[in-house]
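Below is one structure, written out as structure tokens; comments come after it.
Every read-out reported here was derived from the displayed coordinates using simple, explicitly stated rules and does not represent laboratory data. None of the values given here were measured: they were computed from a predicted structure. Note that each Cβ is placed from the backbone with ideal geometry, even for glycine, and that neighbours are counted across all protein chains shown.
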Amino acid sequence: MPRSPAPFNRHALPGVPSEKERPVTDATLVIIDPATPLPAGTAAPEDRLRVLDPQQPQINVTDLGVTRGDGIFETFGVVGGDVQAVQPHLQRLQRSARMLELPELDLDAIEQAVRLAARLHERDDVLVKLIITRGIEGLEQPTAWAYAFVGDDYSHRQHHGMKVVTLDRGYPRDIAKTSPWLLQGAKTLSYAVNKAALREAHRRGAEDVIFVSTDGYVLEGPTSTVIMKVGDVFVTPRTDQGILEGTTQAALFGIVASLGFGTDYRYVRRSELDQVDGLWSVSSGQQITPVINLDGTDLPYDRELTQTILKRLQSRTS
Ligand code: PLP
């Protein structure tokens, strides 16, 4: 009989013997130390990767990622053992790091850690979360790790669609220009608001959220990019509105262009969503999910086209 993983022991203290048997590898952890460039010739990037037991406590209680949510992250999809969209994720990570004025990162070491965490996992279809925090208070050295785990199962939603509500994001669409210190458009660890919005959606009988700016423009989901289809053109909101450049959205635009559709980045008013020929939520974790009902109104859903795009998204290797 397969052994179930040992429960995470929050109260484990240094010196307390760990379990003799290795836990089932339902998650793998690679620490990157340091995640900043080393002086030339000091160490090969792989020398600073340490594979550790994710069921043991690893994070210092004064780490600013924990105490302030001060850090950034990326979630990479892994399908059939291939890590998807590696370069787009790393470039977005670097943009986020610069917005937060974190030290320059060593993207080669980070890439190797992500690939190693994925390779060590016993399953081929996982997610790898890459976390970079500002580090332990006072040390000024980022803490970084890559963690591979089995993500949620989105197959029901991907095939049958989901109900979504729009929620006010509480700021106008030009927030990134007027107030850059709010870090909108960086993928920071501060996702408490995003999670609260999802709980509000569940209270309203929906499964996901589309944020709308105070001046009535469509932004993004709490963990996804919004895509709509108008006639033969796929449209996504422009990213100069304090939202993330989605790696899945970019891949999807390549796919639909190869199928003969047009693509467009523009400002989208909330009122336009009632007239669309298709609406989707896309991200590395869920790939693509059709929105079949928005704020209580049913929307058109092209099942065949959605499944074609889903298959192409899942089979991409870059
Ligand atoms: N927007 C937000 C706020 C997100 O958190 C995410 C993913 O987590 C996305 C968009 C989609 O990005 P990607 O397709 O690169 O996963």
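A compact table of results
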read-out	value
Rounded to 5, percent antiparallel among DSSP beta bridges of the chain	75 percent
GNM flexibility winner over the chain from 58, 94, 141 (Cα, springs under 10 Å)	58
Cleavage-rule hits (chymotrypsin sites (Phe, Trp or Tyr not before Pro)) in region 160-222: DSSP loop, at most 15 neighbouring Cβ within 10 angstrom	191
Region 183-218: trypsin sites (Lys or Arg not before Pro) in DSSP loop, at most 16 other beta carbons within 10 Å	204
Kirkwood Rh, Cα atoms: Rg over Rh of region 10-149	0.96
Cα gyration tensor shape for region 186-318, rounded if a/c is under 1.5, else prolate or oblate	rounded
Gaussian network model of the chain, springs between alpha carbon atoms under 10 Å - residue of 132, 255, 227 with greatest fluctuation	255
Additional length obtainable on full extension of the chain from residue 261 to residue 101, 0.36 nm per residue less Cα span	53.7 nm
Reciprocal of mean inverse Cα separation for the chain (Kirkwood radius, Å)	20.9 Å
Burial ranking of peptide ranges 115-127, 151-163, 240-252 (average Cβ count within 10 Å, highest at the top)	240-252, 115-127, 151-163
Computed [θ] at 222 nm, helices only, for the chain once each DSSP H run of length n ≥ 4 contributes -39500 (n - 2.57)	-7500 deg cm²/dmol
Region 223-265: radius of gyration over Cα atoms, expressed as a fraction of 2.2 N^0.38 Å	1.10
